[in-house]
1. Which one is modelled with the lowest pLDDT, of the residues in segment 77-129 that are open to solvent by less than 10 Å² (accessible area, probe 1.4 Å) and in contact with a strand residue (DSSP E or B) (Cβ under 9 Å, 6 or more places away or on another chain)?
2. For Phe68, state whether it is without any contact (Cβ under 8 Å) to a residue 24 or more places away in the chain and not polar (S, T, N, Q).
3. Pro59 - would you say it is open to solvent by less than 60 Å² (accessible area, probe 1.4 Å), within 24 Å of Phe124 (Cβ to Cβ) and not β-branched (Val, Ile, Thr)?
4. Only residues that are open to solvent by 10 Å² or more (accessible area, probe 1.4 Å) and either of a type in the set (Ser, Thr, Tyr) or within 11 Å of the chain's Cα centre (by Cα) (or both): list them for segment 130-142, please.
5. Helices (runs of 4 or more DSSP H) wholly in segment 1-105 with at least 1 residues that are within 19 Å of Ser168 (Cβ to Cβ) and among the basic types (Lys, Arg) - which ones?
6. Checking Gly170 against (1) touching a residue at least 40 places away in the same chain (Cβ under 8 Å); (2) open to solvent by less than 50 Å² (accessible area, probe 1.4 Å): exactly one of these is not met. Which one?
7. Look through Ile64, Ile19, Ile46 and report the one residue that is open to solvent by less than 50 Å² (accessible area, probe 1.4 Å) and either hydroxyl-bearing (Ser, Thr, Tyr) or within 15 Å of Val144 (Cα to Cα) (or both).
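The values are calculated or read from the model by the stated rules, or taken from the named source; none is laboratory data. Because the structure is predicted, anything quoted here is derived from the model rather than measured. Neighbour counts run over all protein chains shown; Cβ positions are idealised from the backbone, glycine included. Each accessible area value is taken on the protein alone, full model and side chains, heavy atoms only, with ligands, DNA and RNA left out. Shrake-Rupley method; radii C 1.70, N 1.55, O 1.52, S 1.80 Å.
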Amino acid sequence: MKLLYSIHKYDVFMLIWLINVKMHGSLAKFSRYVSKTGDGPLYLLIAGLLYWRQGIESPLLQAILLGFLLERPIYFIVKNSLKRNRPAAALQDFHSVITPSDQFSFPSGHTSAAFMMATLIGYFFPALMIPLYCWAALVGFSRVVLGVHFPTDTLVGAMLGISTALFSLGQIIS
């Protein structure tokens, strides 16, 4: 229990520090745009383009479909089982910059999906791996800047996304 308390203390400290930095206003504006890239329509567009260009035989499309088929239920079960409050509900007098789409915080679904897509696309297009991981990290960072997640929510979201992608690749590529 002490470990969980220590992690929560660290999370709160990092969140409050980030919210209070002088350039938070500029970061929040930038973060709104970055966060929107992780909302989902971009992933549907990529899947649609892959289907249109290569058909269902596309290994990348198959990995994306399997990845989301696994990642979304795992994310949903973990989030609704652990029921970690979002910062606005957990911290007195704290208000997030945006209204989150659901009630609970852990793990970050935006971060999970972004890291899953970065891993899958980066596998097939290695030259894009670093920019894709930078984008995915910015998606996670944006969720903290916007006040809808604690840092560890995004860290675990990244781990969920990467592990789901690697599992999916193992099933499709083998």
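1. Ranking the qualifying residues of segment 77-129, first place goes to Ser105.
2. no
3. Spelling it out, Pro59 is indeed open to solvent by less than 60 Å² (accessible area, probe 1.4 Å), within 24 Å of Phe124 (Cβ to Cβ) and not β-branched (Val, Ile, Thr).
4. Correct list: Tyr133, Trp135, Ala137, Leu138, Phe141.
5. 59-82
6. Looking at each condition in turn, Gly170 falls short on (1).
7. Ile19
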